[in-house]
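The values are calculated or read from the model by the stated rules, or taken from the named source; none is laboratory data. Source: prediction; values computed, not measured. Heads up, the Cβs are rebuilt from the backbone with ideal geometry, glycines too, and the neighbour counts pull from every protein chain shown. All accessible areas refer to the heavy atoms of the entire protein, side chains included, with ligands and DNA or RNA removed. Shrake-Rupley method; radii C 1.70, N 1.55, O 1.52, S 1.80 Å.
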Amino acid sequence: MKSIVLHRAIPAAAVVAALAGSLAACGGSDDAEQARPNILVLVADDMGYSDIGAFGSEISTPNLDALVREGRVLTRFYTAPACSPTRGMLMSGTDSHRAGVSLLENNTLALLNSKNAPFGVDFGFDNVPEAYAGHMPDNVVTMPQLLKDAGYHTYMAGKWHLAYEFKSTPTPGSYFLPSHYPNKKGFEHSYALLSGAGAHFAPVPGKPLSTYDRVTYTEDDVEFPATSLPANFYSSISYTDKLLSYIERDRADGKPFFAYAAFTAPHWPLQAPDADIAAQKGRYDEGYDVIRARRIARMKQLGIIPANFAENPGLASVAAGGTGKKRWSELTDQEKAVQARTMEVYAAMVSNMDANIGRIVQYLKDKGMYDNTVIFFMSDNGSDSGPAAGAAATAASPLADIGRAGSTYSYGERWAEVSASPFRLWKTFTGAEGSVSVPALIKMPRQRDARPQLQAAVEVKDLLPTFLDLAGVKKPDGSYQGKTIKPITGISVRAALESTSATPPAVRPANSVLALEYLGQGYLIRDGWKLSSVVPPGQAPTSFANVPWQLYNIDSDRGETQNLAGAHPEVVTDLLAQYNRYLADNAVITPARPIAGKRDASAL
């Protein structure tokens, strides 16, 4: 059979028919496909910056580490501070507000129910503004839709979290919206958790169902409850099984694919197979401070952070005059045992996820598809202290239950602090680096050697235009298929990712702005400065006037240890004016009252 060679200058749509007819038996190795790489996106759920080996962790992640040896680490990759906003930005290539998912659905519900004006006052459940709708509006074009229209197969397995709507009937609340399930947004085949969190095992017959056993899934058009999951279901294994089955089903036609593995590990409830938990036994008995110090030292050794990096010291405990949870030395022996066990389960979940990533990579190698696949890995936001509903780990928690099917534990603030090393705070604390800075790595097509770290700031919304660029698909501008659409505001970083230089091309022009808002908190980065707003854990200010803006030199103090707002009020004023423009440009609605910083007082 004569090869059809496709060059990047040829529009992808013009060759779809030729690919379908002429590459049927090629199994992904034809020269034609080399111009159109497969795209594999791997997303971890609520995993912190330092939780994989390539970013300093003691957790065994050999498969991700191997990708780094044939790829590149991105040391300043920014997401939103929570799950669904990040996923909306990933799928749409634009800000979370423009993508319609600026908040987790439970946050929007809380604002409406508490009548935190204008939420619940100027608008209610039946007329929530588009930026807070819980799903992507119809004038947002998605990554799978664009790639599918360009001749790609499109598959996903895992957490979707982008199909909520708010209604007052039958009772005021959030509901799933079938018109926004994955298969309606561009995925040919999908096996998806619709809810924001779910148990990792199937419900155990005869045992009471937890909140996380009462979640909803869909496979393509078929919606089903968790009680219908197969008995041997485990999230990372089962999602991988499904994704590989989808790829294999169509492999013979030779078309490239976009595959989205949206793992739910290591999101609470913490659950893992017994063997994976046993492999972590005793690893965390030395406690938070020792593990955190080792990770930071390893990160410096790997060059993830510079040798002179000043890490954030974390929250001082109450005993030390601060507001943080107990330090390891302040815990009782029983409390230490519980906390060590929760972290063992968390590590087991990360390790198990890595093993399943290894299954995907090995499949691609076995089928001759690996070289022509771009593989991108990231977490959807920073580490999460939890707690899962009603699942705070306390001294009374039975050790043997933590991590088993039916258990509903989270690992708490101090382990979240370790996961977020070397940064400040964790998930939903938007202005802090630990909330939005995540581990990220990429292996480009036909890349076989490690390339220098990319230390420039890259945002999750940049991935869509980057993948379109690699696939030879023109980014739509203003309209698509005769319909006006919201602009894709991310930028392609292909040139920097393809560079082999120690000083790759600039990702963004000088004076570029990175900004984000969530629940009235936010940040803006420009010219090495970071303006930051954070309501600390457990605090409940009555007014945003009591949430002072902080200022950091983000180039020299990414650990956010020295607030320079008092020394440079003129910079604060300048950046705040630009931040307010960002709010206006993205239809951000600031609630009248700040939301208390997330905390469960009963948790360790």
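Assorted remarks:
- Pairing each residue of the stretch 580-594 that is assigned to a loop (DSSP other than H, G, I, E, B) with any residue that is hydrophobic (A, V, I, L, M, F, W, C) and open to solvent by 60 Å² or more (accessible area, probe 1.4 Å), provided the two are 6+ apart or on different chains, yields C-beta distances under 8 Å for PRO594/ALA540.
- Single match in LEU604, LEU514 (criterion: hydrophobic (A, V, I, L, M, F, W, C), within 23 Å of THR428 (Cβ to Cβ) and either at pLDDT 95 or above or surrounded by fewer than 20 Cβ atoms within 10 Å (Cβ to Cβ) (or both)): LEU514
- Single residue of the stretch 189-219 satisfying the filter (touching a Pro at 6+ places or on another chain (Cβ under 8 Å) and open to solvent by 30 Å² or more (accessible area, probe 1.4 Å)) that is modelled with the lowest pLDDT: LEU209
- Some residue of the stretch 481-488 being outside any loop (DSSP other than H, G, I, E, B) and free of Cβ contacts under 8 Å to residues at least 12 places away in the same chain: no
- Within the stretch 545-563, one or more residues are without any contact (Cβ under 8 Å) to a residue 24 or more places away in the chain, part of a loop (DSSP other than H, G, I, E, B) and touching a Leu at 6+ places or on another chain (Cβ under 7 Å).
- Only residues that are touching a Ser or Thr at 6+ places or on another chain (Cβ under 9 Å) and part of a loop (DSSP other than H, G, I, E, B) were counted in the stretch 66-117, giving 15.
- Residues of the stretch 564-579 satisfying the condition of being surrounded by 14 or more Cβ atoms within 10 Å (Cβ to Cβ) and assigned to a loop (DSSP other than H, G, I, E, B): LEU564, ALA565, HIS568
- Verdict on ILE491 being outside any strand (DSSP E or B), closer than 28 Å to ARG424 by Cβ, modelled with pLDDT of 95 or more and open to solvent by 10 Å² or more (accessible area, probe 1.4 Å): yes
- Subset of the stretch 364-381 (residues that are among the hydroxyl-bearing types (Ser, Thr, Tyr) and buried (at least 23 other Cβ atoms within 10 Å of the Cβ)): SER379
- Qualifying positions in the stretch 324-341 - of a type in the set (Val, Ile, Thr) and either out of contact with any helix residue (DSSP H, G or I) (no Cβ under 7 Å at 6 or more places or on another chain) or surrounded by fewer than 19 Cβ atoms within 10 Å (Cβ to Cβ) (or both): THR332
- Some residue of the stretch 361-373 being in contact with a helix residue (DSSP H, G or I) (Cβ under 7 Å, 6 or more places away or on another chain) and assigned to a strand (DSSP E or B): yes
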